[in-house]
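The values are calculated or read from the model by the stated rules, or taken from the named source; none is laboratory data. Because the structure is predicted, anything quoted here is derived from the model rather than measured. Glycine also receives a Cβ, built like all others from the backbone with ideal geometry; neighbour counts cover every protein chain displayed.
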Amino acid sequence: MKINNQNLYSRVVELLVQSRQKVSQTINNIMAMTYYEIGKMIVEEEQDGKEKAEYGKQILSELSEKLISEFGKGFSETNLKQMRYFYLTYSIRQTVSDEFENNEISKTASPKTSNSIQQTLSAQFKLTWSHYLKLMRITDINERNFYEIEAIKNNWSLRELQRQYDSALYTRLAISKNKEEIRSLGQKGQIIEKNKDLIKDPYVLEFLGLPEQSFYSESELEQKLIDKLEHFLLELGNGFTFVARQKRITFEEKHFKIDLVFYNRILKCFVLIDLKIGELKHQDIGQMQMYVNYFDREVRLEDENKTIGIILCQDKSESVVRYTLPENNEQIFASKYLTVLPSEKDFIRIIEN
């Protein structure tokens, strides 16, 4: 009997990779928990002092000097201040997900109860210390919670967290929502229940490296998106998988090509994307309507939901979109795209419009 060495090797590699990921995650949890506890101890010690400001400064200076001598330069006064702020930021916090609702941090715990604290904090702090250093700089608690939830759910690296924040993902999703829906973003993250939940306006494609005022064709834009497909999938959002580019459909001896075809596993539907350079025209919307109708009637299965069409364009008239589409439209969407990270002024202008 011949042993399948390749199969055995693959299984062992998979186990080792999973084990290393778990070890890394455990280390991250323990580090965040430890720094939180250090911050807690510093705050409690400060509260026992008579002159808080001067006393607190003295505590940090003396503690830093002793810790550096024993554990190295990772315990500078600046780092200790960050740990202190970490505790102050997260000791009284809104729940970041349903998973954490029953894991409130005890304010009276002592070192003797470190096991229970470790269990609680490990359930609460799922990201690296570097992630939390970034998150702590976000002052709006709903926005901060949103990015924490999405980073956990989507396993964002620190670089991807920074990129999503720089592209103002929270603001883009919040623009078209009411107060209750915005609050929900800070409690549950992005929840996709209906077609419009998938849509962003604008989409930010700065990862393509295209200047804002650059001359390029639709085919060049498409190729850039394919070259950076992983980044584009992250920008599209949760549940997207790539299906095809330049998907040809034919009827009555006429051929048409759809730029990009995706499938969303959450909504269980095809998502067609057409790329347009310049301003959106009503003919572009009609063309997308034809593509969507074809997929609904010829491609989708009975247990799948209706196809979504997204037209990505450099500019659009809201009136053209509104009057071209039916009032009860839930399938065709037109969104602008940006090739550079938007400035604060850009988003103020978008919100005002």
Just to be sure, is Ile311 farther than 24 Å from Thr241 by Cβ and either touching a residue at least 24 places away in the same chain (Cβ under 8 Å) or part of a loop (DSSP other than H, G, I, E, B) (or both)? no
Take the conditions at pLDDT 90 or above and not assigned by TED's automatic domain parsing to the domain that holds Glu37 and apply them to Tyr87. Does it pass? no
Over region 192-220, the set of residues more than 17 Å from the chain's Cα centre (by Cα), assigned to a loop (DSSP other than H, G, I, E, B) and under 16 Å from Leu338 (Cβ atoms) is Gly209, Leu210, Pro211, Glu212, Gln213, Ser214, Tyr216
Ser184 fails exactly one of the following numbered conditions: (1) of a type in the set (Ser, Thr, Tyr); (2) under 22 Å from Met290 (Cα atoms); (3) assigned to a helix (DSSP H, G or I). What is the number of that condition? (2)
Tally the residues that are among the polar types (S, T, N, Q), assigned to a strand (DSSP E or B) and within 21 Å of the chain's Cα centre (by Cα), restricting the search to region 221-273. 2
Check Lys276 against each of (1) part of a loop (DSSP other than H, G, I, E, B); (2) at pLDDT below 95; (3) basic (Lys, Arg) and name the one condition it does not meet. (1)
I'd like the full set of residues that are closer than 17 Å to His231 by Cα, in contact (Cβ under 8 Å) with a residue 12 or more places away in the chain and not charged (D, E, K, R), limited to region 157-172. Leu158, Leu161, Gln162, Gln164, Tyr165, Ser167, Ala168, Leu169
Would it be correct to say that Asn238 is in the same structural domain as Asp284 (by TED's automatic domain parsing), of a type outside the set (A, V, I, L, M) and closer than 26 Å to Tyr132 by Cα? yes
Subset of region 173-194 [in contact (Cβ under 8 Å) with a residue 60 or more places away in the chain and surrounded by 14 or more Cβ atoms within 10 Å (Cβ to Cβ)]: Ile175, Gly186, Gln187, Lys188, Gly189, Ile192
The conditions are (1) modelled with pLDDT under 90; (2) β-branched (Val, Ile, Thr); (3) surrounded by fewer than 18 Cβ atoms within 10 Å (Cβ to Cβ), and Ile117 fails exactly one of them. Which is it? (3)
Residue in region 239-286 that is surrounded by the fewest Cβ atoms within 10 Å (Cβ to Cβ), counting only those that are among the aliphatic types (A, V, I, L, M) and out of contact with any strand residue (DSSP E or B) (no Cβ under 7 Å at 6 or more places or on another chain): Ile266
Which residue, of Phe333, Phe295, is buried (at least 20 other Cβ atoms within 10 Å of the Cβ) and without any contact (Cβ under 8 Å) to a residue 60 or more places away in the chain? Phe295
Of the residues that make up region 257-271, is at least one on the phi > 0 side of the Ramachandran plot, in contact with a Lys or Arg (Cβ under 8 Å, 6 or more places away or on another chain) and in contact (Cβ under 8 Å) with a residue 12 or more places away in the chain? no
Can you name the number of the only condition in (1) out of contact with any Phe, Trp or Tyr (no Cβ under 6 Å at 6 or more places or on another chain); (2) modelled with pLDDT of 85 or more; (3) part of a helix (DSSP H, G or I) that Leu127 fails? (3)
